[in-house]
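Notes follow the structure.
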Amino acid sequence: MKLLRLLFIFLSLPLFAQQGGMWIPSLLEGMNETEMTNLGMKMTAKDIYDVNKASLKDAVPHFNGGCTSEVISNQGLLLTNHHCGYSQIQSHSTLEHDYLQNGFWAMNLKDELPNPGVTATFIVKIEDVTTQVMSGVSEAMPEADKQKKIEENIANIVQTSPKEAWQENRVRTFYEGNQYMLFVVETFKDIRLVGAPPSSIGKFGSDTDNWIWPRHTGDFSLFRIYADKNNRPAEYSEDNVPYTPKHFLPISLDGVAENDFTLVFGYPGTTDEYLPSVAIEQVINTINPARIAIRDAALAIQDKYMRADPQIKIQYASKYARIANYWKKWQGETLGLTKSNAVGIKKQQESQLTSQINKKGKQQEYGQLLPQFETYYKEIEPYALAREYFLETVIRNVELLRTAYQAYQLKQVYENRGAQSFNDRRNNMVDRLEGEYKNYSKQVDKEVFEALIALYAEGVPQQFLPASFKTMNAQQLTENVYKNSAFVDYVSLKNLLEGDAETVIAKLDNDPGFQIVKEMADAYFEKVAPKYEQLELNISGLERDYMKALLELSPKDARIFPNANSTLRVTYGKVAGYSPADAIYFEPVTHLEGVMQKYVPGDYEFDVPQKLIDLYRTKDYGPYGENGKMAINFIGTNHTTGGNSGSPAIDAEGNLIGLNFDRVWEGTMSDYYYDPALSRNIMVDVRYVLFIIDKYAGAKNLINELKLVHPKKEKGKSKKKK
């Protein structure tokens with residue numbers, strides 16, 4: 001297809017321009033391989049991705065559907081971020097055995113802890129199936145009909161494409177529906193916790209330092225993949241054995257220096273690099289301010305209680321971290337988009353595209369794209385704002401409302417599918433909620449509820465509010481709900497959900513917590529969701545055509561990569577510092593000295609374990625230090641996003657040198673616009689990981705599993721011999 005050929009015809013660009021992009025690993029041969037070689041890579045594209053032979057892809061599984069991980073031993077030892085394993089570490093923690101506070105280390109296989117539901121998914125192969133997916137789809141079809149036909153074709157491909165019995169077929173879209181790829185995957189379901197540093201190391205700096213450089217965080221944890229005796233995926237069993245991987249990553253002890261090549265391999269979640277300027281303006285001026293204000297209120301309340309009560313701190317640690325992560329990210333995103341003049345740059349690009357449309361005589365095909373974007377985004381704005389308020393208040397930040405919303409959905413299941421489906425859903429809900437209520441505080445949630453309900457009544461466009469909200473007294477409503485609702489306690493909620501469907505629904509309808517959610521949800525689904533979804537469908541169709549125009553009409557040297565969609569990607573760049581403001585330059589590597597400079601005894605974000613202080617004072621760094629210093633974190637120009645947490649940072653020869661875990665604050669806008677001057681990803685130096693495992697934890701059993709190498713030193717020896 002002419003369109004697909006256009007995707008990969010590019011010329012060389014200046015150095016920084018070569019370092020943005022999230023590329024499909026099966027399509028690296030050609031332009032990408034040349035660029036990586038020019039940046040210093042010594043591997044080939046086949047070393048990174050090969051269907052027939054072991055390659056880097058075989059050592060990089062998707063961790064639990066949200067993060068990335070890497071296999072680092074021939075016994076299935078898995079490395080990922082501390083924050084990726086945080087909920088598992090928390091689930092095994094009690095006041096008596098607080099692994100969040102003190103860390104956890106398995107000194108043998110028997111000590112490793114199972115984690116029901118946690119998965120590690122490997123890519124077996126990737127195949128282009130665009131022609132099959134688009135079969136029977138014509139330009140003249142209405143957008144809804146196009147999508148229906150595409151979905152039918154995808155379902156057929158998933159069903160009929162060859163795979164082994166334990167594997168799965170998945171089809172994902174790229175370039176906004178202009179390309180489709182089939183992924184054959186295999187998912188391992190017995191993943192056990194092996195090691196985690198205390199939060200004072202793995203989460204050092206916590207929310208204050210989140211998205212900030214310079215950083216000093218040992219953000220790592222260790223798991224192990226177990227398989228059946230045939231080395232295939234299996235549910236947890238005591239009979240399972242450590243997985244033998246097709247490939248695992250050797251670990252370099254040589255460290256990094258400015259301008260070293262870095263390759264980050266992983267599963268970036270979602271980006272929107274090709275949104276029009278009008279959409280970016282909406283993010284900056286409308287959507288992000290609403291999101292930030294809601295989470296400001298929720299986090300301030302949770303933080304107050306967590307600082308005062310150790311039990312609440314354990315209960316809310318994972319929830320607080322999850323909420324705070326994107327709260328701070330959205331702030332940095334807005335700052336970066338504004339600072340880099342992303343809207344202005346996109347307007348210039350749109351002007352250039354318009355000129356190309358006119359020059360090529362494509363007005364009939366593409367001439368109305370940008371005016372239609374203006375119309376649709378103006379129309380969708382109030383609906384998008386109301387949607388964000390509903391999601392942030394009901395689904396994400398008030399636990400009583402989220403649970404009551406699940407009951408609201410349960411009622412809909414009965415009305416649409418009958419009693420059997422109701423009973424199945426209800427039983428699963430009751431079982432699941434028992435664990436969730438162990439980490440619930442009525443006192444905390446009550447205060448969050450009152451603050452966010454008041455914001456909801458003030459911030460949602462009036463035409464979308466439930467009638468009662470227009471005269472609502474937030475304090476009185478809160479007192480009534482938290483005094484009389486069964487949703488404030490697991491036992492009372494379990495009793496509320498007992499009985500046949502008619503009985504349960506009658507009880508729900510009389511519960512004040514359910515009543516408030518029903519009012520909010522009814523108003524949302526009647527007044528907001530239908531129009532939002534219609535406009536979003538229209539915008540999606542425009543985005544597909546806009547992407548097609550960009551691919552067809554952009555200069556041949558334009559590097560147009562597909563948006564992230566949680567599929568395996570390669571991003572490459574170099575170790576590099578940056579200048580966020582006038583007269584400020586940040587070096588690319590931080591050291592243990594910085595931990596001691598930030599140290600605040602007893603502070604939950606900046607406390608330091610005494611043993612780490614002792615190791616610092618004696619400079620007992622073993623083979624992991626360099627010139628009397630212990631490196632901790634470094635930054636590079638790799639283009640990453642959420643989902644790249646835990647991604648391996650790989651050197652020019654294919655060895656592990658670090659572990660991706662964050663981005664710099666100003667660079668978080670790279671989800672919409674990658675600016676080479678500001679976009680930096682943050683990685684843990686793998687030598688710090690080894691130092692903590694070995695010298696701090698004394699887990700030499702884990703060190704002995706690893707393959708440690710010195711590629712720079714070996715290269716130096718080779719040169720001397722010549």
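Within segment 344-356, can one find any residue that is in contact with a Phe, Trp or Tyr (Cβ under 6 Å, 6 or more places away or on another chain) and touching a residue at least 12 places away in the same chain (Cβ under 8 Å)? Checking segment 344-356: not a single residue is in contact with a Phe, Trp or Tyr (Cβ under 6 Å, 6 or more places away or on another chain) and touching a residue at least 12 places away in the same chain (Cβ under 8 Å). Check whether at least one residue in segment 685-693 is within 30 Å of ASN563 (Cα to Cα) and either small (Gly, Ala, Ser) or at pLDDT 95 or above (or both), and report yes or no. Yes, segment 685-693 contains a residue that is within 30 Å of ASN563 (Cα to Cα) and either small (Gly, Ala, Ser) or at pLDDT 95 or above (or both).
If you go through segment 128-151 and keep only what is outside any loop (DSSP other than H, G, I, E, B) and either buried (at least 17 other Cβ atoms within 10 Å of the Cβ) or without any contact (Cβ under 8 Å) to a residue 60 or more places away in the chain (or both), you end up with ASP128, THR130, GLN132, VAL133, ASP145, LYS146, LYS148, LYS149, ILE150, GLU151.
Checking each residue in segment 35-62 for being touching a Phe, Trp or Tyr at 6+ places or on another chain (Cβ under 8 Å) and among the hydrophobic types (A, V, I, L, M, F, W, C) picks out MET36, LEU39, MET41, ILE48, LEU56, ALA59, VAL60. Could you list, in sequence order, all residues of segment 207-239 that are small (Gly, Ala, Ser) and over 30 Å from ILE323 (Cα atoms)? Once the filter is applied, which keeps residues that are small (Gly, Ala, Ser) and over 30 Å from ILE323 (Cα atoms), segment 207-239 yields ALA227, ALA234, SER237. Looking only at segment 262-274, residues that are surrounded by 23 or more Cβ atoms within 10 Å (Cβ to Cβ) and under 21 Å from GLY177 (Cα atoms) come to 3 in all. Whether a residue is in contact (Cβ under 8 Å) with a residue 24 or more places away in the chain, under 30 Å from LEU592 (Cα atoms), surrounded by fewer than 19 Cβ atoms within 10 Å (Cβ to Cβ) and not aromatic (Phe, Trp, Tyr) was assessed, and THR208 passes this test. Annotation note: Cβ proximity below 8 Å between a residue of segment 617-630 that is among the basic types (Lys, Arg) and a residue that is modelled with pLDDT of 95 or more and in a strand (DSSP E or B) (sequence gap 6+ or interchain) occurs for LYS629/HIS591. Of all the listed residues (GLY513, GLY594, GLY541), the sole one being modelled with pLDDT under 95, more than 30 Å from THR37 (Cα to Cα) and of a type in the set (Gly, Ala, Ser) is GLY541.
Okay, residues lined up against (1) within 16 Å of ASP522 (Cβ to Cβ); (2) in contact with a Phe, Trp or Tyr (Cβ under 7 Å, 6 or more places away or on another chain); (3) of a type outside the set (Lys, Arg); (4) modelled with pLDDT under 95:
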{"position": "ILE380", "(1), (2), (3), (4)": "no, yes, yes, no"}
{"position": "TYR389", "(1), (2), (3), (4)": "yes, yes, yes, no"}
{"position": "ILE395", "(1), (2), (3), (4)": "yes, yes, yes, no"}
{"position": "GLY435", "(1), (2), (3), (4)": "no, no, yes, yes"}
{"position": "VAL444", "(1), (2), (3), (4)": "no, yes, yes, no"}
{"position": "GLU447", "(1), (2), (3), (4)": "no, no, yes, no"}
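Of the strands (runs of 3 or more DSSP E) lying entirely inside segment 515-602, those carrying at least 3 residues that are closer than 23 Å to PHE265 by Cα are 569-574. One residue alone among PHE223, PHE261 is aromatic (Phe, Trp, Tyr) and either touching a helix residue (DSSP H, G or I) at 6+ places or on another chain (Cβ under 7 Å) or within 18 Å of ASN704 (Cα to Cα) (or both), and that residue is PHE223.
Looking across segment 336-353 at every residue that is out of contact with any helix residue (DSSP H, G or I) (no Cβ under 6 Å at 6 or more places or on another chain) and crowded, with 18+ Cβ neighbours inside 10 Å, the one that is farthest from ASP671 (Cα to Cα) is identified as LEU353.
Within segment 388-405, identify whether any single residue is of a type outside the set (A, V, I, L, M, F, W, C), in a helix (DSSP H, G or I) and either touching a strand residue (DSSP E or B) at 6+ places or on another chain (Cβ under 8 Å) or over 30 Å from ILE212 (Cβ atoms) (or both), and answer yes or no. Within segment 388-405 (the criterion being of a type outside the set (A, V, I, L, M, F, W, C), in a helix (DSSP H, G or I) and either touching a strand residue (DSSP E or B) at 6+ places or on another chain (Cβ under 8 Å) or over 30 Å from ILE212 (Cβ atoms) (or both)), the answer is yes, since at least one residue qualifies. Here segment 497-528 is the region considered, the condition is being surrounded by fewer than 20 Cβ atoms within 10 Å (Cβ to Cβ) and among the aliphatic types (A, V, I, L, M), and the residue that is farthest from the chain's Cα centre (by Cα) is ALA506. Scanning segment 488-508 for residues that are under 18 Å from LEU433 (Cα atoms) and outside any helix (DSSP H, G or I) returns ASP489, LEU497, GLU498, GLY499.
If only residues of segment 354-397 that are among the aliphatic types (A, V, I, L, M) and within 30 Å of ILE516 (Cα to Cα) are counted, the one that is surrounded by the fewest Cβ atoms within 10 Å (Cβ to Cβ) is ILE395.
The values are calculated or read from the model by the stated rules, or taken from the named source; none is laboratory data. Because the structure is a prediction, the values reported are computed rather than measured. Every residue, glycine as well, gets a Cβ built from its backbone with ideal geometry; the counts of neighbours run over all protein chains shown.
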